[in-house]
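What follows is calculated from the coordinates using simple rules that are stated; it is not laboratory data. Since this is a predicted model, take the numbers as computed values, not measurements. Note that each Cβ is placed from the backbone with ideal geometry, even for glycine, and that neighbours are counted across all protein chains shown.
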Amino acid sequence: MKIRILALAAALCVPGLTLAADSDSVRVEAPYARAVPPTARNSGAFMVLHNASDHPVRVVDARSDVSRVTELHTHVHDKGVMRMRRVDFIEVPAHGKVELKPGGYHVMLIGLNHPLKPGDPVHLELTLGDGSKMAVNLKARQTGMGMMHSMKQHMQQQPMSPMQH
Ligand SMILES: [Cu+2]
């Protein structure tokens with residue numbers, strides 16, 4: 001009897017086992033959103049997600065305070081053309097990380113409420129596979145020309161928000 005109680009106590013005290021929420025296992029590194037010209041309707045947010053747990057953790061949804069719609073996206077090569085695709089989740093491997101970056105996974109900000117200037121704050125809320133949520137506060141940042149190229153693709157391939165000239 002005593003042993004059983006001790007075992008239960010041990011299970012309750014060890015973090016990272018079954019009792020931990022996904023949001024306790026995930027750490028966000030270097031998040032930022034892409035600053036865009038005033039004509040842009042859309043932008044993207046990027047970061048590195050680390051998973052300290054011994055099971056994969058999925059990001060299944062995202063919301064933001066700067067856009068009407070926020071989606072999880074990736075880029076895929078389709079017959080030599082790079083296209084954006086919406087994904088149902090972004091998985092962070094056990095004891096591993098996944099990098100959200102231009103040309104790869106990203107949080108797509110669709111229908112910006114206002115242009116994102118460098119330094120503008122963005123508040124994101126990520127929903128994880130077990131339903132737990134985590135807040136990510138980041139800032140818009142100017143990115144290089146290579147990034148602008150992929151930004152153009154973004155806007156061209158986002159049928160919900162035609163680009164304004
Ligand atoms: Cu996208």
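Quick notes on this one:
- Peptide ranges 72-81, 119-128, 95-104 listed from the most packed, as the mean C-beta count within 10 angstrom indicates: 119-128, 95-104, 72-81
- Neighbourhood charge, 9 Å Cβ-Cβ cut-off, centred on residue 32 and excluding it, Lys, Arg +1 and Asp, Glu -1: +3
- Ranked by how many other beta carbons lie within 10 Å on average, peptides 42-50, 22-30 from highest: 42-50, 22-30
- With a cut-off of 11 Å between beta carbons, the residues surrounding residue 84 carry a summed charge of +1, where Lys and Arg count +1 and Asp and Glu -1.
- In summary, the aspartates and glutamates within cross-link reach of residue 97, defined as a Cα separation below 19 angstrom excluding same-chain residues under 8 places away, comprise 22, 24, 29, 54, 61, 88, 125, 130.
- The separation of the stretch 64-91 from the stretch 114-135, counted between C-alpha centres, amounts to 16 Å.
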